[in-house]
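Take a look at the structure below.
The values are calculated or read from the model by the stated rules, or taken from the named source; none is laboratory data. What you see is a predicted model, and the numbers here were worked out from it, not measured in a lab. What goes into the accessible areas is simple: the full protein's heavy atoms, side chains included, and nothing from ligands, DNA or RNA. Shrake-Rupley method; radii C 1.70, N 1.55, O 1.52, S 1.80 Å.
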Amino acid sequence: MRRGFAQFGLVLPALLLAGLALTLTGCGKVEPPAPHLVLEARGDQCVEPTDVIRRDHMKILMHERDEAKIYGRRNPDHSFVGCVDCHVSPTASRDDPATHFCMACHQFNAVRMDCFQCHTDQPSDAAPPKRSAGLEESIERHLALQADGIETVQEISTP
């Protein structure tokens, strides 16, 4: 009886390994984003080295978001609008990742992206900014208070 279990103990791992090999055989090659999307940048050079941007662009964007929302400080070198203006074609569509620089890389890396729920996915020369009159007034009031030397941290509401 013991001998039967020993043989079964060797057969089971062999069957599992064979099943895994057959499963992986059906997997296709993963294609990186199309080269024309990566080479689409309109500037002379990115604000950071390519390896830094690939590794840390989300940390940079989150830091810039916090600086802008909490302290009202904006860094044009690391702005979200600047990235989109430089890297996204005016004819790109976020609904078709094969044409959109950001969406192509995020799809390739299986990363969910929700930036464009609030931000435009088109360069500023292709899509005019969407601002309401109430938002304009809030921004003007905030800038006037800052000019008077009053530090304000307030949420700007949009109607």
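Assorted remarks:
- Sequence-separation-based contact order of the stretch 73-117, relative, with Cα cut under 8 Å and 6+ spacing, percent: 20
- Over 16 Å [Cα-Cα, the stretch 47-101], rounded percent: 50
- With every protein chain in place, the stretch 55-123: carbon and sulfur % of accessible area (1.4 Å): 56
- Taking each residue as 0.36 nm, the span from S89 to M58 lengthens on full extension beyond its C-alpha to C-alpha distance by 9.1 nm.
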